[in-house]
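Colleague: Starting off with a structure, shown below.
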Amino acid sequence: MRIIFFGSDDFAAHHLEHLLGSRHKVLACVTGPDKPQGRGMKISASPIKQIALERQIPCLQPLSLKDKSIVDHLKSYEADILVVVAYGRLLTQEILDIPRMLCMNVHDSLLPKYRGAAPVNRAILNGDKETGVTIQKMALALDAGDIIAQEKMDIDDDENAAQLRMRMASVGAELLVKVLDKSPDGQFPLSPQDETQVTWAPKLTKEMGKIDWHAQAQSILDQVRGLQPWPGAYTSYKGKMLKVIQAQISMEDKANYTPGQVIKVDRNGFHVACPDKGLLIKEVQPEAGKLMPAGSFVAGYKISPGFSF
């Protein structure tokens, strides 16, 4: 099939690479404009543009999808399919109508659950044990298109959102090519979504990262896991932000400690009391500092039992 690929990040790049290794032909890529990234705010191209340049594939970076010249340019490729993966913008109806067959999207949840921008994060934040990838026919409404295929996945207990999302990228990329291979005539199986089962996964906010030590230990652990890589779960240490990167439920007795107090320090890190259990903090990042093992933070910052976050 002749494909135009829309995407922006590493998740999308994994799908593009898999498509380029298949028998299908990627005619062009569409991605966002170059933008400042990292601490140095250096202007950088998206992973999609980088792949397109390496493979000598035309790459469009429109500021607006409503621009008539962009629409006409896309029409000129006479594509069978538009594949959209983590592109970050809603497509207009005029663009949805361009391909000969349909527009297809890879979404990282089991639709109709978790429509929206942050489905992987929300699944972990909510303590889900299962998620999956959906291939859907795109509609004008957000993530509301008919389902073409789905594949379920377990969520590992110690897996954070960044790790899970990249594992989902492999599953999604394989499922995408399998779907394209099985329907060369464009006759894809379509199942309408059950609108009574819709849930939403809105964008994350920085405020969501603040740890409330009066919450249950598992809830805080899910917050640590679910908010990677951004905004990250954080607490306050002497008036400055301390990000908690990795943690696990602690078996230490917290009977004599109030929520937020350090129960114990050891070579693995520091154990903090929650109302029900303790939480072992294993990796942290001080404000304006680098990631470090929590054991090193304890040694350098002189954390001791009884200290309160």
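Colleague: Using DSSP, restrict attention to beta bridges with both residues in the chain and report what percent are antiparallel, rounded to the nearest 5.
Modeller: 65
Colleague: Given the whole protein assembly as supplied and a 1.4 Å probe, what does the accessible area of Ser76 come to in Å², nearest 10?
Modeller: 80
Colleague: Let me ask something else about it. Mind checking region 142-218 for trypsin sites (Lys or Arg not before Pro) that DSSP puts in a loop (not H, G, I, E or B) and that have at most 14 other Cβ atoms within 10 Å?
Modeller: For trypsin sites (Lys or Arg not before Pro) across region 142-218 that sit outside H, G, I, E and B with at most 14 neighbouring Cβ atoms in 10 Å, the list reads Lys203.
Colleague: Answer rounded, prolate or oblate for region 131-183, using the Cα gyration tensor with square roots of eigenvalues a ≥ b ≥ c: rounded when a/c is under 1.5, else prolate when a/b is larger than b/c, else oblate.
Modeller: It comes out oblate by the Cα gyration axes.
Colleague: State to the nearest 20 debye the size of the charge dipole of region 35-84 about its Cα centre, where the only charges are +1 on K and R beta carbons and -1 on D and E beta carbons.
Modeller: 380
Colleague: Can you give me the % of accessible surface on the chain that is carbon or sulfur? Probe 1.4 Å, all protein chains present, nothing else counted.
Modeller: Percent of accessible area from carbon and sulfur atoms in the chain: 50.
Colleague: Okay, next question. For the chain, with a Gaussian network of springs between Cα atoms less than 10 Å apart, report the residue from Glu94, Glu54, Glu159 with the top mean-square fluctuation.
Modeller: Looking only at Glu94, Glu54, Glu159, the largest GNM fluctuation is found for Glu54.
Colleague: Just the number please: accessible area per residue for the chain, 1.4 Å probe, all protein chains included, in Å².
Modeller: That works out to 49 Å² per residue.
Colleague: Quick query: amide H of Tyr237 versus all other amide H atoms, modeled in the peptide plane; which residues come in under 5 Å with a sequence gap of 5 or more or a different chain?
Modeller: Sorted by chain and number, the residues that satisfy this are Leu242.
Colleague: Scattering from the C-alpha atoms of region 224-283 alone, worked out with Debye: what is log10 I(q)/I(0) at q = 0.25, 0.29, 0.31 1/Å?
Modeller: Each listed q corresponds, in turn, to -1.08, -1.24, -1.28.
Colleague: From the residues Ser170, Asn160, Ala144, which one has its Cα farthest along the dipole of region 93-177 in the positive direction, the dipole being from +1 and -1 charges on Cβ of Lys/Arg and Asp/Glu about the Cα centre?
Modeller: Ala144
Colleague: Relative to the present Cα-Cα distance, how much length would full extension add between Gln163 and Met208 at 0.36 nm per residue of separation?
Modeller: Value of the extension gain: 14.2 nm.
Colleague: Nothing charged except the Cβ atoms of Lys and Arg (+1) and of Asp and Glu (-1): what's the magnitude of the dipole of the chain about its Cα centre? Round to the nearest 20 debye.
Modeller: I would put it at about 1000 debye.
The values are calculated or read from the model by the stated rules, or taken from the named source; none is laboratory data. All of these numbers come straight from a predicted model, not from anything done at the bench. Because the Cβ atoms are built from the backbone with ideal geometry, glycine has one as well, and the counts that use them run over all protein chains shown. Please note that ligands, DNA and RNA were not included when accessible areas were found on the heavy atoms of the full protein model with its side chains. Shrake-Rupley method; radii C 1.70, N 1.55, O 1.52, S 1.80 Å.
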